[in-house]
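The structure appears right after this line, and notes come after that.
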Amino acid sequence: MKNAFWILLLGLGLMLTGCAAMTPVPEGSQPLGSYQGLTWGGIDGPIQVNLFQTPKGDTVFSGHLVNTADGAVSEFHGTVMGNFMEGKIGLMLGAIDGQLSADGTQMSGTLKLAQYHATWSASQQ
């Protein structure tokens, strides 16, 4: 019974950590750009990505995608290091990664959500 308690406590801690990590854009962040595009190959539909610069000078992103097959909307967020983008979809449901073009006008990458693997591409608006 003690083991079950510790497993439950560990699970709760991981969930709370995930919730805390879901804060996609820190307060006071400045918008850097908005991008719109499409996903295809397992999840097909529109995607929107917004870039921000945090008060600490980091670049982060947030956005959402829509699976037109079932109308499901998934939100995501992550960080940009150089031109590489890496983030989470939902509460530990999936992952999104990508590459921001050198001129900052295009981005593209892959995403994994449940059993789906898809490709995405977006252009600055």
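Taken over the range 35-72, residues that are touching an Asp or Glu at 6+ places or on another chain (Cβ under 8 Å) and either at pLDDT below 95 or among the basic types (Lys, Arg) (or both) amount to 3. Could you tell me whether Ala69 is exposed (fewer than 15 other Cβ atoms within 10 Å of the Cβ) and aliphatic (A, V, I, L, M)? Yes; evaluated as a whole, the condition is true for this residue.
Here is the figure for the range 39-49: residues that are surrounded by fewer than 18 Cβ atoms within 10 Å (Cβ to Cβ) and under 15 Å from the mean Cα position of the chain (by Cα) total 2. Would you check if Asp97 is surrounded by 13 or more Cβ atoms within 10 Å (Cβ to Cβ), at pLDDT 95 or above and under 21 Å from Ala118 (Cα atoms)? So Asp97 passes the test. Annotation: of all residues in the range 75-105 being within 9 Å of the chain's Cα centre (by Cα) and among the small types (Gly, Ala, Ser), the one that is farthest from Ser121 (Cα to Cα) is Gly90.
The values are calculated or read from the model by the stated rules, or taken from the named source; none is laboratory data. Remember, it's a predicted structure, so these values are computed and weren't measured experimentally. All Cβ positions, glycine included, derive from the backbone under ideal geometry; neighbour counts span all protein chains shown.
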